[in-house]
1. Would you confirm, using the coordinates I've provided, whether residue 131 is part of a strand (DSSP E or B), under 27 Å from residue 264 (Cα atoms) and either modelled with pLDDT of 95 or more or away from the ligand (no atom under 15 Å from the Cβ) (or both)?
2. Go through 257, 230 for me and flag whichever is of a type in the set (Lys, Arg) and assigned to a strand (DSSP E or B).
3. What number goes with the only condition from (1) within 12 Å of the ligand (Cβ to nearest atom); (2) in a helix (DSSP H, G or I) that residue 104 does not pass?
4. Quick check on residue 157: is it within 22 Å of residue 80 (Cα to Cα), surrounded by 22 or more Cβ atoms within 10 Å (Cβ to Cβ) and either touching a strand residue (DSSP E or B) at 6+ places or on another chain (Cβ under 8 Å) or modelled with pLDDT under 95 (or both)?
5. I'm trying to understand the selection: among the residues of the range 201-222, which are more than 12 Å from the ligand (Cβ to nearest atom) and surrounded by 23 or more Cβ atoms within 10 Å (Cβ to Cβ)?
6. Tell me the residue from 15, 62, 72 that is modelled with pLDDT under 95, surrounded by fewer than 20 Cβ atoms within 10 Å (Cβ to Cβ) and not aromatic (Phe, Trp, Tyr), please.
7. Name every residue in the range 191-230 that is within 30 Å of residue 104 (Cα to Cα) and basic (Lys, Arg), in order of residue number.
Amino acid sequence: MAISPVEQLFTLFNETSVALQEELSCTYLEALAKTGENLFHNSILQEELSELTVKRLKKQYEGMNLEKFTKEQIRKAYQLAILKGMKEIVQPNHQMTPDSVGMLVSYLVEKFIKLQSFRLLDPAVGTGNLLMTVLNHQVDKKIESIGVEIDDILIKLAYISSNLQEHPVEFFNQDSLEPLFIELVDAVISDLPVGYYPNDVRAAEYQLKANEGHSYSHHLFIEQSVRHTKPGGYLFFIIPNGLFESEQAPMLQEYLKENADIQAILQLPLSMFKNKNAAKSIVILQKKGKNSSAPKQVLLAQLPSLSNAAEVNNILRKIDKWFDENKR
Ligand code: SAM
């Protein structure tokens with residue numbers, strides 16, 4: 001059986017990462033970042049390698065011409081290699097956004113954002129997988145995007161991913177809840193880190209700070225994102241299902257009433273989550289502005305598994321109908 005382009009490329013990422021990992025005694029993800037840089041620069045940047053490894057890497061790189069692959073093929077192969085590397089580290093909040101969620105967010109961004117040219121922010125960009133998926137699906141649009149991430153290895157993987165897929169993205173390696181020196185954006189997408197934010201001093205600068213103890217970082221991320229969005233701009237968040245049910249939820253409701261209109265809450269299929277308590281939804285907000293208005297009705301839906309074509313079609317029709325009634 002012929003191997004697919006994604007498999008071919010994965011094999012290249014994987015074999016060259018393993019070679020670099022062994023020789024440089026680093027993690028697989030660090031080695032993947034290095035091989036990605038080599039591929040992008042078309043040269044071997046690690047000076048400490050043995051002659052034999054250099055020769056081997058050169059041969060493998062030369063056998064593969066990245067130009068013959070689509071951006072989505074590159075993203076998928078790179079994503080498979082990241083998944084392999086992530087097995088070495090266990091950190092639930094570092095998880096890459098899965099493809100099915102990325103596809104849904106891409107579809108929703110395309111539906112809601114009609115601008116030909118716009119600014120897009122992901123304040124928890126991680127490996128960049130969600131951002132790249134969205135960028136790869138916005139055809140003929142000019143998008144200036146910004147990614148912020150606190151983890152230095154993840155942001156490195158993200159910037160290499162954007163280089164290999166030729167998306168110009170501005171990256172900031174920092175805590176997104178510290179001041180962000182960026183101009184306002186038209187849209188935000190983010191798979192939010194969920195949990196407590198340890199920096200109470202910084203949290204005190206947010207309306208959504210907890211009255212006692214640590215604040216929820218996902219709440220602060222929502223406030224920070226709204227702050228950096230233009231009036232009338234849209235925000236697409238992946239949030240825990242219980243967002244509006246926690247003990248701090250009344251504050252969030254109050255904040256949203258003043259600052260943004262909830263457009264839609266779409267529950268992701270439970271089958272996507274090993275643990276039902278970790279199940280998530282996509283929430284879409286519109287920052288209040290002169291020309292924005294609350295929808296007549298918030299779009300509420302339970303999304304079916306993407307493998308169920310008939311049910312997916314039903315939901316897409318429901319979304320289209322909601323658009324006709326609320327957004328035209
Ligand atoms: N969409 C990303 C992807 O496709 O790889 C995954 C996002 S992951 C669910 C959440 C990310 O938020 C993690 O990469 C984590 O390191 C980052 N994060 C957590 N707290 C942060 C903070 N205060 N500032 C910036 N990034 C943060």
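The values are calculated or read from the model by the stated rules, or taken from the named source; none is laboratory data. Since this is a predicted model, take the numbers as computed values, not measurements. No Cβ is skipped: glycine too gets one built from the backbone with ideal geometry, and neighbour counts run over all protein chains shown.
1. Values: part of a strand (DSSP E or B): no; under 27 Å from residue 264 (Cα atoms): yes; either modelled with pLDDT of 95 or more or away from the ligand (no atom under 15 Å from the Cβ) (or both): yes.
So residue 131 fails the test.
2. When all the criteria are applied, what remains is 230.
3. (1)
4. Considered against the rule, which asks whether it is within 22 Å of residue 80 (Cα to Cα), surrounded by 22 or more Cβ atoms within 10 Å (Cβ to Cβ) and either touching a strand residue (DSSP E or B) at 6+ places or on another chain (Cβ under 8 Å) or modelled with pLDDT under 95 (or both), residue 157 comes out as no.
5. 219, 222
6. Working: 15 fails: modelled with pLDDT under 95; 72 fails: modelled with pLDDT under 95.
Going through 15, 62, 72 in turn, just one is modelled with pLDDT under 95, surrounded by fewer than 20 Cβ atoms within 10 Å (Cβ to Cβ) and not aromatic (Phe, Trp, Tyr): 62.
7. Hits for the range 191-230 are 227, 230.
Condition check ((1) farther than 21 Å from residue 145 by Cα; (2) free of Cβ contacts under 8 Å to residues at least 12 places away in the same chain; (3) not aliphatic (A, V, I, L, M)) across all residues:
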| position | (1), (2), (3) |
| --- | --- |
| 16 | yes, no, yes |
| 21 | yes, yes, yes |
| 27 | yes, no, yes |
| 30 | yes, no, yes |
| 40 | no, no, yes |
| 57 | yes, no, no |
| 87 | yes, yes, yes |
| 103 | no, no, no |
| 119 | no, no, yes |
